[in-house]
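Some notes on the structure that comes next.
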Amino acid sequence: MSADTGKAADTDPAGDAAEAAGTGEAGEAAGTGDAGEPAGAARRPSRRFPLITRDTARPEGGGRAAPGDAPAPARQWPLLCVLAGTAAGLLVTLGDFRAGTLVMGLSVLSGAVLRWAVPSVGMLAVRSRFTDVVTYGVLGTAIALLAMMAQPEPWLEFPFLEDVVHFTIR
């Protein structure tokens, strides 16, 4: 892909060799120079990556979640729902650690569900839809499981984990 035009550039072995040698155009490599080129010859765009990135592609589903004339918070309602759930979990954590972290894990899991189900989620879309759903799902599940396994008196126990810990810390 060409950085300047966005179209695939034609391949020319002589031009590639000239670019690799640092001379620029194939005509310059042959010794003709700028004066030897016809007056109307278009200069071939470079196939090299630009030194400065000018723009990035918007993630799939990264458009506004509400119409453009809606106020800013309404356009980002999926992200605000996840952030509100996480903030509520932090407040609940002040009273009961396990319940608060469970609420935070479920909030991140709800972000995965929103990213999967809603076509346009605003700033909740960071990467591709698949990557976001997997990332939010794994992190939410890990937070929820760790909250249920927290000591003392865990709600969820995995007997093999105790054996693994005793085996590694002898």
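The values are calculated or read from the model by the stated rules, or taken from the named source; none is laboratory data. Everything numeric here is computed off the predicted structure, so don't read it as measured data. Here the Cβ is made from the backbone with ideal geometry for all residues, glycine too, and neighbour counts use every protein chain on show. The area values use the complete protein model at the heavy-atom level, side chains included, leaving out ligands, DNA and RNA. Shrake-Rupley method; radii C 1.70, N 1.55, O 1.52, S 1.80 Å.
When Arg43 is tested against the conditions (1) open to solvent by 90 Å² or more (accessible area, probe 1.4 Å); (2) of a type outside the set (S, T, N, Q); (3) modelled with pLDDT of 95 or more, the lone failure is (3).
Residue-wise test of (1) surrounded by 15 or more Cβ atoms within 10 Å (Cβ to Cβ); (2) part of a helix (DSSP H, G or I); (3) touching a residue at least 24 places away in the same chain (Cβ under 8 Å).
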site	(1), (2), (3)
Arg98	yes, yes, yes
Thr101	yes, yes, yes
Ala112	yes, yes, yes
Ser120	yes, no, yes
Met123	no, yes, yes
Val126	no, no, yes
Trp155	no, no, yes
Phe160	no, yes, no
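Filter segment 139-153 down to the residues that are in a helix (DSSP H, G or I) and open to solvent by 80 Å² or more (accessible area, probe 1.4 Å), then identify the one that is nearest to Ala112 (Cα to Cα). Among residues in segment 139-153 that are in a helix (DSSP H, G or I) and open to solvent by 80 Å² or more (accessible area, probe 1.4 Å), the one nearest to Ala112 (Cα to Cα) is Leu139. Residues in segment 128-138 that are open to solvent by less than 70 Å² (accessible area, probe 1.4 Å) and assigned to a helix (DSSP H, G or I) were compared, and the one that is modelled with the lowest pLDDT is Arg129.
Among the residues making up segment 69-88, those that are modelled with pLDDT under 90, assigned to a helix (DSSP H, G or I) and open to solvent by 70 Å² or more (accessible area, probe 1.4 Å) are Pro73, Trp77.
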